[in-house]
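One structure is given here, and the rest of the page talks about it.
Since every read-out is calculated from the coordinates, none of them should be taken as a lab result. Remember, it's a predicted structure, so these values are computed and weren't measured experimentally. Ideal geometry is used to build each Cβ from the backbone, glycine not excepted, and the neighbour counts take in all protein chains shown.
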Amino acid sequence: MDLHEHKKHIHKKNVRQRSGFSLIIVPHYQGKIKRIVITPLRLYTSLLIISLFFVAVFSFAVQYKDMTKEVAELKGMKLGSMASSQTKELQIVSTELAKAKSDLEALKQYVVYLSSLENEVRDSLKLGESKLSLEYVLNRSTKNVQIQSFSTLPVQVAQLLTEQTNTAKLAEEREQTLNKLKDAADEFNLMKAQTPDAWPLYGTITSYFGWRISPFGGGWEFHDGLDIASYYGAPIRAAGEGEVVYVGWESGYGRMIKIYHRDGIETIYGHMSDYAVKVGDKVKKGQVIGYVGCSGLCTGPHVHFQIEQSGTAVNPLKFLD
């Protein structure tokens, strides 16, 4: 190769090395002019880096989208499972609530029964109007349960069941008390009914219990009853509830009736004109048992009324109202 061709080869090599373009940056006022030489190698390298960057961003975006979709699906599955579980729970709680309300309705009827039992006891004891009442039990148990949300429903059911349990316990205690009171009232009323405290005849007392001058002469004598005068044939009534144990003629008493009441207490009715009962009859207080007469030793129509305790005569005025 001659000198001329060697120079020409060097020139072509330099031209290839210097191919490209320059970017000149000129400041507005002061400063140095800057030049940036952009060669094909730098240009290809920059394009490659930018391409790789966009590929990475695109790949990340696709992966992020897939991940977001998977998360959404998982959340949907979880929410669906939770919703299904809550629905089952709600059905169970609703069933319990319906059963509790049904039991509470039955309990209300039970409390109403107790109220009638209470009224029966009050009437039996002749208490009339009283502040004693079970109405407040009903008021406590008739509060409506407001279902505002699923989260509060179990709490309200628990409160309802607690209220029901407390009301049932209170009602049972009240029933036991009322039954005891009723038994005591029945026993008291029976004892009172069998107590000869009613007047057998409304009239004039002509002779009291105790020592008196004999109306037939002969000085002082002990009178063991009350003589109550009235018109002939006036009805004579039982002083108390009991059983007729004697009907017949008794010396001095004439036509006489004897009634056994309770605890050794007996009443005797003498000088009757006629009978209205027979031996073995169960008589009520105030029931007509015979009629005023003047049989036996008598100075006028009246009834001899006598009360005995264990065979001993006592003053009838201690019993009579």
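Fewest Cβ neighbours within 10 Å first, please rank Glu187, Glu243 accordingly.
Ascending number of Cβ neighbours within 10 Å: Glu187, Glu243.
Take the alpha carbon atoms of segment 247-269, find their center, do the same for segment 205-243, and report the distance between the two centers in whole angstrom.
13 Å
Just to confirm a number: summing +1 for Lys and Arg and -1 for Asp and Glu over residues other than Val314 whose beta-carbon lies under 14 angstrom from that of Val314, what do you get?
Residues close to Val314 contribute a combined charge of -4.
How would you rank Ser94, Ser102, going from fewest to most other Cβ atoms within 10 Å of each one's own Cβ?
Ser102, Ser94
Go through segment 209-223 residue by residue and turn each phi into a ³J(HN,Hα) via Karplus (6.51, -1.76, 1.60, θ = phi - 60°); whole Hz please, and just put x for glycine and proline.
The phi angles translate into 6, x, 6, 8, 7, 5, x, 9, x, x, x, 7, 8, 8, 9 Hz.
Student exercise: in segment 204-318, how many lysine pairs 8 or more apart or on different chains have Cα atoms under 17 Å apart?
Going through segment 204-318 pair by pair, I get 4.
Which net charge results for the neighbourhood of Gly248, defined as the other residues with beta-carbon distances under 12 angstrom from its beta-carbon, given Lys and Arg at +1 and Asp and Glu at -1?
+2
Report the semi-axes of the equivalent ellipsoid for segment 204-318 in whole Å, largest first, where each axis is √(5λ) for an eigenvalue λ of the Cα gyration tensor.
One finds semi-axes of 22, 17, 12 Å for segment 204-318.
If amide H atoms are built 1.01 Å from N in the plane of the peptide, which residues on other chains or at least 5 residues away come under 5 Å of the amide H of Tyr253?
For Tyr253, whose amide H was placed from the backbone, the distant partners under 5 Å are Leu297.
Explain nothing, just compute: Karplus ³J(HN,Hα) = 6.51 cos²θ - 1.76 cosθ + 1.60, θ = phi - 60°, for every residue of segment 278-290 in order, whole Hz, x for Gly and Pro.
Couplings: 9, 4, x, 5, 8, 10, 9, 4, x, 6, 6, 10, x Hz.
Once you have the Cα-Cα distance between Ser59 and Asp274, take 0.36 nm times their residue separation minus that, and quote the gain in nm to one decimal.
Residue separation times 0.36 nm, minus the Cα-Cα distance, leaves 64.6 nm.
FRET efficiency for Leu320 and Lys169, Cβ-Cβ distance as r, R0 = 51 Å, nearest 0.05?
With a Förster radius of 51 Å, E is 0.60.
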